[in-house]
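Peer 1: Starting off with a structure, shown below.
The values are calculated or read from the model by the stated rules, or taken from the named source; none is laboratory data. It should be emphasised that the depicted structure is a prediction, and the values quoted were computed from it without experimental measurement. Glycine also receives a Cβ, built like all others from the backbone with ideal geometry; neighbour counts cover every protein chain displayed. Ligands, DNA and RNA are stripped out before the accessible areas are found, and what is left, the full protein with its side chains, is counted by its heavy atoms. Shrake-Rupley method; radii C 1.70, N 1.55, O 1.52, S 1.80 Å.
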Amino acid sequence: MKTHQLLTTGIFCLGLTLSIRAAHANQQPSAPESGVQKPNILFILADDMRPDCIGALGNSYIHTPNIDRLVKQGVTFNNCYVMGSDQTAVCTPSRAMLMTGRTLFHIPMDIGSKGNNPSVQVDFQMLRASGYDTFYLGKNGRTYNPGCHAADRCEVFSETFSPKNKDICPDKAIAYLREPERTKRPFYFSFAISVPHDPLSPAPEDLALYQGQHLPPLAPNSMASHAEFAGFTLRDTDCRPYGVSTVKGGITSKSSSEQMQKALAEYYAVITGYDKQIGRILDELDRTGLTKNTLIIFASDNGLSHSDHGLIHKQSLYETDNHVPLILCGPGIPAGQKRDTFVYLSDTLPTMLDLVGVPVPTTVEAKSFAGSITDPNHVHRQHLYTAYRHEIRTFREGDYKLLLYKVCFSNARYTQLFNIKEDPFEKKDLAKDPAQAERVQRMIAEARQAGKELGEGVDKNMNYARTLKFWEYWDKRHEFGAGDVQHLPEKYQIDSDKVEWDD
């Protein structure tokens, strides 16, 4: 049994207080008393929700009273990140990593397959083996399909979220919670619908909250040209409502700042509607008395750009795109606390298993951060390594974040360095500063090693997703000089007739 599992197994079932846990942080608690039911689990997974869209976490414009309840009742992890993506549909590998605990470089190949027999063990199977009733109510596709259908009950919601159907999923959730079986057997309920994913259709009463003087402002890095900022146009998907470029691969918005602000208001309004759904489910837990023995987790599969850096979706590794919210609350978890240690979203799986006393299978590569829940000074990860397809890698250590790019339509590479604490909107690139040369070189070397440790370029013949080739190309790219910090033209002109990312 893992150390964190030994540390936390009895917490929920025995209802230990924070003071007792603090006094015995390095001791092994006794096993749960015989006959005590394991905690229930409610996992609420948003789709495309940024971490800065929660009122209780500092956004004074948005209305999220129910998610705010979770912040006040639990522990928020301020530095939770998705490990990355091997495709433009970022949510697909993100959800697969979350369900399996595998790294990005070891996710299963049968993501889009049919049936209910996943090639890698998933959360539903792990918990069902320990007596849990499992229920998936979520998006259809762009996830680990066989894993979702491995639940005892799987109901997919494929309709576009709109005012007309906004009650369908919470109605199903409440009906499930009211079944007599809920008080007899622990449940794992994954509420993972596709909200606030586009296309955006907010209810008029929600949209009214963000009009006139209440129109939310765009971020300080809004509308900046990514081509000027980073040296090339990054591949993104076509966001239908936003009037983006029609050039193949176009991602830089052609909308005015006023149009983008209107789109942001719609995004906020959809989140407010989603928050109401969450509130109905939380209220039902309270009404039935299930709250007292339920672990609640709230997160998102990835973030989203809304004109940040001139981008409009989620195919980058800036903070807006792969930084996600993560909140845990329930009996035994400290209330109203925050943690700054680095965690991957996929680390949530072994943590969840640890907290309810379920063994973590050897197939899980992620690491439990249960120790950081009980101890605010416990460091879970010293650094983070993230990846986007073959093109981008990042390495985060302390306040500094390194970004490495294979520049499209060229044999060039591009380097960025930001101090996230001093420059949270990633506007001031420090990579060309001679004073940062040693840091850049060291972090590049550490990034290589971190990738290897996560399995990048390893196990090429195993039954995992295609190998993502980055470093072998990076070492060959010298079109604009031999150094890591190459001096690209101020505006790097791309040829839209070429195939994107053609190596």
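Peer 1: Could you please let me know if residue 355 is closer than 23 Å to residue 95 by Cα, surrounded by 21 or more Cβ atoms within 10 Å (Cβ to Cβ) and touching a strand residue (DSSP E or B) at 6+ places or on another chain (Cβ under 8 Å)?
Peer 2: When the stated conditions are applied, residue 355 passes them.
Peer 1: Which of the residues belonging to segment 402-425 are charged (D, E, K, R) and either buried (at least 22 other Cβ atoms within 10 Å of the Cβ) or in contact with a helix residue (DSSP H, G or I) (Cβ under 6 Å, 6 or more places away or on another chain) (or both)? So that I can check it myself, show each step before the final result.
Peer 2: Just the residues of segment 402-425 that are charged (D, E, K, R), to begin with: 406, 413, 421-423.
Passing the criteria: 406, 413.
Residues checked against (1) within 27 Å of residue 74 (Cα to Cα); (2) among the polar types (S, T, N, Q):
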| site | (1), (2) |
| --- | --- |
| 374 | yes, yes |
| 391 | no, no |
| 405 | no, no |
| 417 | no, no |
| 431 | no, no |
| 437 | no, no |
| 441 | no, yes |
| 445 | no, no |
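Peer 1: Right, here's the next one. Of all residues in segment 93-106, how many are among the hydroxyl-bearing types (Ser, Thr, Tyr) and under 16 Å from residue 190 (Cβ atoms)? Can you show your working first?
Peer 2: So the first thing to find is which residues in segment 93-106 are among the hydroxyl-bearing types (Ser, Thr, Tyr), and the list is 94, 100, 103.
From what's left, under 16 Å from residue 190 (Cβ atoms): 94, 100.
Total satisfying the criteria: 2.
Peer 1: Within segment 297-331, count every residue that is part of a strand (DSSP E or B) and open to solvent by 10 Å² or more (accessible area, probe 1.4 Å).
Peer 2: Matching residues across segment 297-331 total 1.
Peer 1: If you check every pair at least six apart or on different chains, which have Cβ atoms under 8 Å apart with a residue in segment 435-448 that is under 15 Å from residue 474 (Cα atoms) first and a residue that is of a type in the set (Lys, Arg) and surrounded by 16 or more Cβ atoms within 10 Å (Cβ to Cβ) second?
Peer 2: Within 8 Å, the pairs are 447/393.
Peer 1: Something else now. For segment 285-295, which positions are open to solvent by 10 Å² or more (accessible area, probe 1.4 Å) and of a type outside the set (S, T, N, Q)?
Peer 2: Listed by number, the residues that qualify are 286, 287, 289, 290, 292.
Peer 1: For residue 343, state whether it is over 22 Å from residue 447 (Cα atoms) and aliphatic (A, V, I, L, M). Break it down stepwise before answering.
Peer 2: Numbers: over 22 Å from residue 447 (Cα atoms): no; aliphatic (A, V, I, L, M): yes.
Answer is no for this residue.
Peer 1: Hey, another quick one. Residue 103 - would you say it is within 24 Å of residue 381 (Cα to Cα), open to solvent by less than 20 Å² (accessible area, probe 1.4 Å) and of a type in the set (Ser, Thr, Tyr)?
Peer 2: Yes.
Peer 1: Pairs only if they're at least six apart or on different chains, beta carbon under 7 angstrom, first in segment 400-413 and modelled with pLDDT under 90, second among the β-branched types (Val, Ile, Thr) and open to solvent by less than 20 Å² (accessible area, probe 1.4 Å); list them, first residue then second.
Peer 2: So the pair list comes out as 405/392; 413/407.
Peer 1: Now for a different question. Does residue 431 meet the test of being open to solvent by less than 60 Å² (accessible area, probe 1.4 Å) and at pLDDT below 95?
Peer 2: yes
Peer 1: While we're looking at this one, here's another question. Out of segment 151-210, which residues are under 20 Å from residue 38 (Cβ atoms) and assigned to a loop (DSSP other than H, G, I, E, B)?
Peer 2: Hits for segment 151-210 are 151, 152, 179, 184, 185, 186.
Peer 1: Scan segment 332-343 and tell me whether some residue there is modelled with pLDDT under 95 and either in a loop (DSSP other than H, G, I, E, B) or in contact with a helix residue (DSSP H, G or I) (Cβ under 6 Å, 6 or more places away or on another chain) (or both).
Peer 2: The answer is yes, given that some residue of segment 332-343 is modelled with pLDDT under 95 and either in a loop (DSSP other than H, G, I, E, B) or in contact with a helix residue (DSSP H, G or I) (Cβ under 6 Å, 6 or more places away or on another chain) (or both).
Peer 1: Are any of the residues in segment 449-460 closer than 30 Å to residue 121 by Cβ, loosely packed, with under 12 Cβ neighbours inside 10 Å and at pLDDT below 85?
Peer 2: yes
Peer 1: Quick one: which of 220, 118 is in a loop (DSSP other than H, G, I, E, B) and either surrounded by 22 or more Cβ atoms within 10 Å (Cβ to Cβ) or among the acidic types (Asp, Glu) (or both)?
Peer 2: Details: 220 fails: either surrounded by 22 or more Cβ atoms within 10 Å (Cβ to Cβ) or among the acidic types (Asp, Glu) (or both).
None of the other options fit; the residue is 118.
Peer 1: Just checking, how many residues over segment 67-85 are crowded, with 22+ Cβ neighbours inside 10 Å, within 15 Å of the chain's Cα centre (by Cα) and either within 23 Å of residue 395 (Cβ to Cβ) or not polar (S, T, N, Q) (or both)?
Peer 2: 7
Peer 1: Let me ask something else about it. Given the conditions (1) under 21 Å from the mean Cα position of the chain (by Cα); (2) in a helix (DSSP H, G or I), and given that residue 141 satisfies all but one, which numbered condition is not satisfied?
Peer 2: Unmet for residue 141, out of (1) under 21 Å from the mean Cα position of the chain (by Cα); (2) in a helix (DSSP H, G or I): (2).
Peer 1: In addition: Report whether or not residue 157 is closer than 23 Å to residue 122 by Cα and touching a strand residue (DSSP E or B) at 6+ places or on another chain (Cβ under 6 Å). Outline the logic, then answer.
Peer 2: Working: closer than 23 Å to residue 122 by Cα: yes; touching a strand residue (DSSP E or B) at 6+ places or on another chain (Cβ under 6 Å): no.
So residue 157 does not fit the description; no.
Peer 1: If you take the residues of segment 44-66 that are in contact with a helix residue (DSSP H, G or I) (Cβ under 7 Å, 6 or more places away or on another chain) and without any contact (Cβ under 8 Å) to a residue 60 or more places away in the chain, which of them is most open to solvent (accessible area, probe 1.4 Å)?
Peer 2: 56
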